[in-house]
Amino acid sequence: MNTSIVFFGTLRSTKLLKIILNKNIKNNQFIKCVIRGSKLKKIYNEVYPCLLKTNNTNDIVKAMIVNNLTNNDINRILFFESTEYQLNNIDVEINNKIIKVKFLKMDNKKFKNNYTDENWDYYDWKKKYEQFSCETAKLWMKLYEKYSSNPDNAEKYWPKIINTIKLKYQ
């Protein structure tokens, strides 16, 4: 069964998505869309955003729907996101038409009030952090086979992965 997911943050990067899925993504269809009534905010000490509902239709988040994702793709994406996100439904707009699609919803308990007032910008992230994110994803996804059934057990490796990549940039 193939699934579609809308990405609004770092996973809009096809470079990063290719690493996470560990395959060529040319067979996936990519559709630009927007999420109305929301903003992307920076999270303290992170390079990825949180989606904040504003209910103001003038607030628009640019996003990308990725179609033709397999169950294995979904499992790899959920592992990458670890326990911080769950699949949920959201309304998006494509050419003035509203459709419902799956998205990765952040665990509100874990991140409530953990975001800044500063807006998160995809192109700023891409310029400053895409390579860093890709390198950390390569190391993190090496844990997939061993820990895919229990990502919580892989979390203990995250600080070492981050520090390993940070050392490359010093």
- Go through ASN89, ASN72 for me and flag whichever is on the phi < 0 side of the Ramachandran plot and touching a strand residue (DSSP E or B) at 6+ places or on another chain (Cβ under 9 Å). ASN89
- Condition check for ILE20: within 20 Å of TYR147 (Cβ to Cβ) and at pLDDT 95 or above: yes
- Tally the residues that are outside any loop (DSSP other than H, G, I, E, B) and touching a helix residue (DSSP H, G or I) at 6+ places or on another chain (Cβ under 8 Å), restricting the search to the stretch 1-35. 13
- Message: Can you tell me how many residues within the stretch 76-127 are loosely packed, with under 13 Cβ neighbours inside 10 Å, of a type outside the set (S, T, N, Q), without any contact (Cβ under 8 Å) to a residue 24 or more places away in the chain and not in a loop (DSSP other than H, G, I, E, B)?
- Response: 7
- Take the stretch 139-169 and flag every residue that is out of contact with any helix residue (DSSP H, G or I) (no Cβ under 8 Å at 6 or more places or on another chain), assigned to a helix (DSSP H, G or I) and within 19 Å of ASP73 (Cβ to Cβ). GLU145
- Please indicate, with yes or no, whether at least one residue in the stretch 144-162 is within 25 Å of GLN29 (Cα to Cα), at pLDDT below 90 and out of contact with any Phe, Trp or Tyr (no Cβ under 8 Å at 6 or more places or on another chain). no
- Sort out which residues of the stretch 8-34 are among the aromatic types (Phe, Trp, Tyr) and surrounded by fewer than 19 Cβ atoms within 10 Å (Cβ to Cβ), and write them in order of number. PHE30
- Query: Can you name every residue in the stretch 1-42 that is farther than 20 Å from ASP124 by Cα and among the hydroxyl-bearing types (Ser, Thr, Tyr)?
  - Reply: THR3, SER4
- Item | Residue identified as farther than 30 Å from THR54 by Cα and surrounded by 10 or more Cβ atoms within 10 Å (Cβ to Cβ) among GLU145, GLU135, GLU130 | GLU135
- Item | Test result for LYS166, more than 27 Å from SER38 (Cβ to Cβ) and either polar (S, T, N, Q) or loosely packed, with under 13 Cβ neighbours inside 10 Å (or both) | yes
- Message: I'm told TYR122 meets every condition in (1) at pLDDT 95 or above; (2) closer than 22 Å to TRP158 by Cβ except one. Can you identify the failing condition by its number?
- Response: (2)
- Message: Go through the stretch 67-122 and report how many residues are β-branched (Val, Ile, Thr) and touching a helix residue (DSSP H, G or I) at 6+ places or on another chain (Cβ under 7 Å).
- Response: 2
- Task: Would you point out which residue out of THR83, THR70, THR116 is at pLDDT 90 or above and of a type in the set (S, T, N, Q)?
- Result: THR70
- Message: Could you go through the stretch 57-67 and let me know if any residue there is small (Gly, Ala, Ser), assigned to a strand (DSSP E or B) and either modelled with pLDDT under 95 or within 18 Å of LEU40 (Cα to Cα) (or both).
- Response: yes
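The values are calculated or read from the model by the stated rules, or taken from the named source; none is laboratory data. Keep in mind that what you see is a predicted model, and the values were worked out from it rather than measured. So basically every Cβ, Gly included, is an ideal-geometry build from the backbone, and we count neighbours across all protein chains shown.
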